[in-house]
Structure formats: structure tokens, C-alpha cells
Amino acid sequence: MTDALLDVNDLQVYFPVNNGLFKKSSTFVKAVDNISFSVQKGETLGIVGESGCGKSTMGRSILRLIEPTAGSIRFKGREVTNLSRQELRKLRSDMQIVFQDPYASLNPQLTVESILAEALSTHHIGKSAKERKELVAELLVNVGLSPKHAGRYPHEFSGGQRQRIGIARAIAVNPALIIADEPVSALDVSVQAQILNVFQQLKKTLGLTYIFIAHDLSVVKYVSDRIGVMYLGKMVELTDKRQLFENPLHPYTQALISAIPSLDPDVKKERIILQGDVPNPISPPKGCAFHPRCPMRMSVCEQEKPRQIEVEKGHFVSCHLYEQSSQI
Ligand code: SF4
């Protein structure tokens, strides 16, 4: 037991593969395959990996927007996986999500004021319409918009402004944890930095905790305290940000870091080019799922799945290269 805000243990999300109209599925896509981690109050855990690695599925399963297949999710010491629908509704004010595409998640027929007031009244925040109106104005200011924007509709805003509205809706209900699922990947690079700064500012002023999911390691680096790297449904490395960048252990992490351009023209970085594509998750490779692309693979990698090892305090990696050294 830890005093973490969130404790995830052996989380699995498996999807049956359709075998035809009348056949029962015997094949599963292991979108999230035995993942464990915790998140301390006030920290940002970044989750990075290529598209299709299971990071968004994992984020949504924590909120039970997708039902987990197995495993435990403890939030504030309470098991989430067996909550009733009513209990889950209450929990959702404490755990919120910000989506990649704010436009798709905002009702186009409602003004911003109605969208935010609806979130407030659903969770019984604000005693009267007048009080909710004041709270809406405060929320807009908190995310860098003007209270004058309250009467406008979602289509009247730019992509960055819409994401600010998405964030305002998430913080409206005073959550302890926000899961940000690729919240800047649909935005121009110049706007991305502004939205990342909104997240950082709110973390300070409201004492928020984040799980920040992105495919771009430089985005995750900017906002995170610790970072988990996912590949084909597995968390292959997890450690604090400094350690990940100074001493990446997993060959996949090393390749991701080598792909970030250096800001210093005098520093020449050798880029590790991975061969091939991410394998089909319906039939992942035997042994270590990364082995067909791994420049360091050994014969054992083709047969046996690596265990997760804590190489040093708080630095976890799943790779055969470190299994022997951990047994010495
Ligand atoms: Fe590469 Fe083997 Fe480590 Fe997998 S277990 S990352 S194939 S060295």
C-alpha cells in the first residue's frame, strides 16, 4: 500500500477480435497488458508512445470510460473497478479528462456559458444560476479567456481557445486528477506551448495532479515529473524525467530520445533508426514484443517476455539486458 493519489496494478484491457458473426472470439488484442504504476498527489506522470500503443485506452480505462478486463485501480485508496454507476458518477467529479479534439467534445448548440454551467449543475456546484454565472466567468479567466466569451458558441473559437474551454470544463468540478489525452496534438506548434502553459499554471494554482498522454516526447518532457514509455500495450520504462533523459535504459526509449532534435547546433546526436513498423497488435511477436525492431536483441528476446525490473529506486524497465545485472 502507498499513499499515492492513484495506484494502478496489473491493469489489463483486452478487446475481443471479431471472428465472424456466430463464432465466439478466442483472440484478443491486448491493448493494455499488465500495467502497474502510481501517481502521487501534485505530480504529472507523462505517458508516451506511438499511436496504437494503448496509452489512450489506458487513460480511459482509469476513468472506466472503457471497462478494464482485469487489474486494480485505486483512487484515493478506493477501488474504482467495482464501483456502481452512481458511485462512478460521483467519482467523475474528482477525475476528469481533457480530450484531443475539444470541438468533438463540446456541444455545438450550446454557448460556452451553458456548457460550463451544465458541468457545474450536474455536480451540484453553485447554489443559484447567478452564482454559476460568476463561477463560469472565473473559469474562463483561469484558462486565459475573457468572461465576454461566455455567450459565444464553440465554432466561434480557434482550436487553441476550444481546448481552453475543454480545460475549463474539466476544472469546473474541482477534480483532484486530470487525464489529458493528447490535448495538444491537434494544435499548431505555436499554440501547443500556450496550452501546455495553461496546464502548468493550473497545476500550481489549483494543486492538480495530471496523467499527461502524448505521442510527442518533447511535449511530455515539458510538463512531466515522471515519464512512462509504452510499447504495444506494455509500460517498457518508467522513471523520473531527468533520469529518463540522462540514462534511458530501454532500447525503445533510447530510439525515441535520439529522434528529438538538439537545440544546440554544436551537439551532434546520433539518431537510432528503428527498422520496420509497430507490429500488428492482434498477433504481437513472441517474447519481447519489441524484438523485431530492437538493435540490441538477443536470442532470449525472441522466446521470453522480459520481466519488469526496478534497476534503481523508482527506475523500472522491462528488458532482458537488465535482468542478469539485477540478479548479481
Ligand atoms: Fe531489445 Fe531484448 Fe530488451 Fe526487448 S528484451 S528491448 S528485444 S534487448
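The values are calculated or read from the model by the stated rules, or taken from the named source; none is laboratory data. Model, not experiment: these values are computed from the prediction. Neighbour counts run over all protein chains shown; Cβ positions are idealised from the backbone, glycine included. Accessible surface is based on the protein model in full, side chains and every heavy atom, while ligands, DNA and RNA are left aside. Shrake-Rupley method; radii C 1.70, N 1.55, O 1.52, S 1.80 Å.
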If you project the alpha carbons of region 88-212 onto the principal axes, what extent comes out on each, in Å, largest first? 40, 30, 24
Is there a quick way to get the dipole size of region 4-231? I mean about its Cα centre, with the Cβ of Lys and Arg at +1 and of Asp and Glu at -1; what is the value in debye to the nearest 20? 520
Counting only residues 5 or more apart in sequence or on a different chain, those whose built amide H sits under 5 Å from that of residue 28 are 17
Across 10 Å bins from the origin, how do the percents of Cα pairs in the chain run, short distances first? 5, 24, 31, 24, 12, 4, 0
Accessible area of the chain divided out per residue, in Å², using a probe of 1.4 angstrom: 51
Along region 209-217, what does the Karplus equation 6.51 cos²θ - 1.76 cosθ + 1.60 (θ = phi - 60°) give for ³J(HN,Hα), rounded to whole Hz, x for Gly and Pro? 10, 10, 10, 10, 9, 7, 8, 9, 5
Under 15 Å Cα to Cα from residue 30, which aspartates and glutamates show up? Leave out anything in the same chain fewer than 8 places away. 10, 67
For the chain, what is the mean residue ellipticity at 222 nm derived from helices alone (per DSSP H run of n ≥ 4: -39500 (n - 2.57); sum divided by total residues; nearest 500 deg cm²/dmol)? -9000 deg cm²/dmol
For region 4-231, the accessible surface attributable to carbon and sulfur atoms (probe 1.4 angstrom, ligands and nucleic acids excluded) amounts in percent to 50
Sequence-distant residues sharing a close amide H with residue 40 (under 5 Å, placed H): 5
Within the set 41/313; 76/133; 90/313; 55/148, which residue pairs have Cα atoms separated by over 26 Å? 76/133; 90/313; 55/148
Residue-wise, which Karplus ³J(HN,Hα) couplings in Hz belong to region 79-86, taking 6.51 cos²θ - 1.76 cosθ + 1.60, θ = phi - 60°, and x for glycine or proline? 5, 8, 5, 10, 6, 6, 4, 5
Contact order normalised by residue count of region 4-231, Cα under 8 Å, 6+ apart, percent: 28
Relative contact order of region 202-291: what whole-number percent is it, with Cα pairs under 8 angstrom and at least 6 residues apart? 18
Please name which of 228, 72, 253 has its Cα lying farthest along the dipole of the chain towards the positive end, using unit charges on Cβ (Lys, Arg +1; Asp, Glu -1) and the Cα centre as origin. 72
Highest mean first, what order results for 188-199, 153-164, 214-225 on Cβ atoms within 10 Å? 214-225, 153-164, 188-199
Inter-centroid distance (Cα atoms) of region 179-205 relative to region 78-137, Å: 20
Among DSSP beta bridges lying fully in the chain, give the percent that are antiparallel, nearest 5. 60
With 0.36 nm assigned to each residue of separation and the Cα-Cα distance removed, residue 298 to residue 79 gains 74.9 nm
Residue-wise HN-Hα coupling along region 234-245, computed from phi with Karplus coefficients 6.51, -1.76, 1.60 (Hz; x: Gly, Pro): 10, 8, 8, 8, 8, 6, 6, 4, 4, 4, 4, 7
Accessible carbon and sulfur surface of region 251-297 relative to its total accessible area, %, 1.4 Å: 57
How high is the FRET efficiency between residue 323 and residue 277 when r is their beta carbon distance and R₀ equals 22 Å, given to the nearest 0.05? 0.25
